[in-house]
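These notes concern the structure reproduced below.
Derivation of every value follows stated rules applied to the coordinates shown; laboratory data play no part. Here the structure is a predicted model, which is why all the values come from computation and not from measurement. Positions of Cβ are generated from backbone atoms using ideal geometry, with glycine treated the same way; all protein chains shown enter the neighbour counts.
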Amino acid sequence: MSSPVGHAFVGLIFFTLAKRFDQQHHYSWKWLIVFIILAGLPDLDIIDGLASGPLHLIQHRTVSHSLLFTSVVGFSCAWFSHCILKKPRPTLWYTFPATIISHPFMDMCCMHSILPQGVQLFWPFSTAFAYTPLPFMTSIGTFTAYGNPFWLAFLKSGSLELVVFGSLYGFLRLLFYLQDRQKALLDI
């Protein structure tokens, strides 16, 4: 599994996209919290393992990491926000589902020390685990398998994700800045 740092950065990226493409509405820091929670939501399946002893690794990266589950939860959150907001935000119809659907794809890109690799992306239609042949991230579990304490494994995994997703976020912000600058120059 990717660390919460990587998933939080993805939540930040989709929050930034929602703000960018929906300038009719104000997105406060509370919306950022919602996006970050949504990005990490599929990992709530490990709480059962933490509460009842050793992690139930068979259950993790299965149901909660499937396209069916993440799509249903993402669109349900969009529908719920549409129902409770006085001014509905159309961008939430694609940013909420994309935020939570990104989670299993991030976990597919991780090298896991515990088999099987990947996630059950097509559960309940298939119990096969989908993964990328060349993972570019390392999971927290991989670092702990080599004898590192959990805090050190979290630090190593989170640092790598900070570099990868922090760079992606920085590039996105730079792109938006350049677009705004070009628009301002054309308006003169």
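Here Phe136 and Leu68 are evaluated by their C-beta separation; at R0 = 25 Å the FRET efficiency comes out at 0.45. Checking [x] 72, 41, 28; [y] 60, 35, 29; [z] 48, 38, 33 against Cα extents along the principal axes in Å calculated from these atoms, the matching label is [y]. Taking the charge dipole of the chain about its Cα centre, with +1 at Lys and Arg Cβ atoms and -1 at Asp and Glu Cβ atoms, the residue from Val163, Ala78, Ala130 reaching farthest to the positive side is Ala78. Could you work out how far the C-alpha centroid of region 63-136 sits from that of region 1-24, in angstrom? Comparing the Cα centres of region 63-136 and region 1-24, I get a distance of 14 Å. Between Ser28 and Leu168, the contour length at 0.36 nm per residue exceeds the alpha carbon distance by 48.2 nm.
Dipole check for the chain: with +1 at the C-beta of Lys and Arg, -1 at the C-beta of Asp and Glu, and the Cα centre as origin, the magnitude is about 580 Debye.
Fewest neighbouring Cβ atoms within 10 Å first, the residues Cys83, Cys109 line up as Cys83, Cys109. By the beta-carbon count within 10 Å of each Cβ, the least crowded to most crowded order of Arg89, Arg173, fewest first, is Arg173, Arg89. For Gln182 and Phe80, the difference between the fully extended length at 0.36 nm per residue and the C-alpha to C-alpha distance is 33.0 nm.
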